[in-house]
Amino acid sequence: MAGASLAAEIGASASVLMLEAEDMPGYHSTGRSAAFWEECYGGPEIVPLTIASGEYLDRHGFLSNRGALYLAREADDAKIDDFFARFASTGAQFERIGQSELNRLVPGLRPQWDRAIWQKRCADIDVAGLHAHYLKQAKASAAVLQCRARVTSLSFADNSWRIALEDGRQFSAGTLVNAAGAWADQIAGLAGVQPLGITPYRRTVVQLRVDPPLRDDTPLCLDISGGFYFKPESGRVWLSPHDETPSPAIDAAPEEIDVATAIDRLEQATEWRVLGLERKWAGLRSFAPDRRPVYGRDPANPAFFWFSGQGGYGIQTAPAAARLGAQLLLERPPDDITARLDPSAYAPARFA
């Protein structure tokens with residue numbers, strides 16, 4: 001999503017080549033997203049990117065209303081207060097609700113889960129549609145996509161990058177954009193640029209059949225303590241134990257312990273009976289040390305542009321991030337989306 005969205009935004013003004021190591025774009029984290037837009041997900045530093053992106057996503061028909069609940073128990077009151085304090089000035093919209101309203105929205109919660117924070121504006125994202133939208137837009141602007149194009153060597157001389165691929169092909173470019181997700185620091189290393197400590201973490205999701213079946217209008221539910229989240233999907237439950245396990249940059253696969261943990265946490269939070277595990281998968285979420293994305297030219301080599309470290313929020317923030325990336329790459333003035341963003345908050349120079 002990162003590479004496709006940025007290519008779409010700059011393609012009309014630059015000669016763009018997208019190099020994808022896999023057989024098709026979107027194979028890794030983009031194709032494994034839990035597919036929701038939630039204003040507070042990721043913390044206050046991510047909210048401006050999320051809200052700015054929401055307007056674009058809604059205008060182009062990629063959102064469908066869902067609503068979200070941060071579920072809590074009596075012992076979590078301090079966490080609710082902290083949530084309100086952290087997000088009060090961000091522009092996100094939310095309110096407290098009690099047990100009766102909570103039980104109406106999510107029948108079958110265990111009695112101890114008797115309070116929540118309600119976010120009416122949370123929505124599902126059509127991730128495949130959004131990705132296809134950006135790929136189509138990039139292609140229409142003459143950007144070129146090369147799949148099975150694994151980079152093995154990068155060198156910079158005379159203001160030009162020499163890019164060598166595993167199959168022997170070579171390309172040159174004036175600017176190298178690092179939108180490599182979990183492989184971002186590896187690409188930096190190949191380019192002779194100081195890695196930033198962008199670390200991949202494994203996140204597990206399972207699809208379950210439960211009794212009673214989950215209503216299609218059930219909100220996204222997140223444990224305010226970070227123990228799980230779940231949402232309905234075609235009468236099934238998509239469930240994650242909210243795991244973050246450091247991982248090498250690989251084709252991630254779920255571990256059985258994480259699958260078991262997810263199911264156990266669901267059974268502790270609800271009275272639903274788990275009838276079967278239908279699917280399980282994992283993806284990698286890549287974070288910089290301060291957990292903010294990194295957008296901008298490297299301070300030591302401005303011909304190297306970071307577009308990495310999106311964490312688990314790269315889909316819901318893609319429109320604003322791509323527009324900001326284009327603004328920085330092409331030295332454009334701020335527009336209706338980027339005017340509310342502070343580029344310095346995401347600049348790689350903060351690690352210099």
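For the chain, take the longest principal axis of its alpha carbons; what is the angle in degrees between that and the long axis of helix 127-140, to the nearest 10 within 0 to 90?
The answer is roughly 20 degrees.
Per residue, how big is the convex hull around the C-alpha atoms of the chain? Give it to me in cubic angstrom, could you?
About 131 Å³ per residue, rounded to a whole number.
Would you mind ranking Ser160, Ser240 by Cβ crowding within 10 Å, fewest neighbours first?
With the fewest neighbours first, Ser160, Ser240 line up as Ser160, Ser240.
Check which residues have an amide H placed less than 5 Å from Trp161's amide H, if you skip close sequence neighbours.
Ala173, Gly174
What's the exposure ranking of Leu324, Leu329, going from fewest to most Cβ atoms within 10 Å?
Arranged by neighbour count, lowest to highest, Leu324, Leu329 become Leu329, Leu324.
If the limit is 25 Å between Cα atoms, which of Lys120/Lys280; Lys79/Lys120; Lys120/Lys231; Lys79/Lys280 go over it? List each step's numbers first, then the result.
On the way: Lys120/Lys280 29 Å; Lys79/Lys120 20 Å; Lys120/Lys231 15 Å; Lys79/Lys280 30 Å.
The pairs that break the limit, which is 25 Å between Cα atoms, are Lys120/Lys280; Lys79/Lys280.
Could you name the aspartates and glutamates whose alpha carbon sits less than 12 Å from that of Lys136, not counting residues in the same chain fewer than 8 places away?
Partners within reach: Glu9.
From the phi angles alone, apply the Karplus equation (6.51, -1.76, 1.60; θ = phi - 60°) to region 240-255 and give each ³J(HN,Hα) in whole Hz, x where the residue is Gly or Pro.
10, x, 6, 6, 9, 10, x, 9, x, 6, 9, 6, 5, 10, x, 9
Residue by residue through region 35-43, which ³J(HN,Hα) values in whole Hz follow from phi under the Karplus form 6.51 cos²θ - 1.76 cosθ + 1.60 (θ = phi - 60°), with glycine and proline marked x?
6, 9, 10, 9, 4, 9, 5, x, x
Given +1 on the Cβ of Lys and Arg, -1 on the Cβ of Asp and Glu, and no further charges, what dipole in debye does the chain carry about its Cα centre, rounded to the nearest 20?
So the magnitude is around 460 debye.
Treating only the Cβ atoms of Lys and Arg (+1) and Asp and Glu (-1) as charged, compute the dipole magnitude of region 177-290 about its Cα centre; round to the nearest 20 debye.
That gives a dipole near 200 debye.
When the Karplus curve 6.51 cos²θ - 1.76 cosθ + 1.60 is applied with θ = phi - 60°, which whole-Hz ³J(HN,Hα) does each residue of region 175-191 get, with x for Gly and Pro?
Per-residue couplings from phi come out as 10, 10, 9, 9, 10, 8, x, 4, 9, 4, 5, 5, 5, 4, x, 4, 7 Hz.
Among His133, His60, what is the fewest-to-most ranking by other Cβ atoms within 10 Å?
His60, His133
Read-outs: derived from the displayed coordinates by stated rules, not from any lab. Since the model is a prediction, treat every value here as computed from it, not as a measurement. Cβ coordinates were reconstructed from backbone atoms using ideal geometry, including for glycine residues, and neighbour counts include every protein chain displayed.
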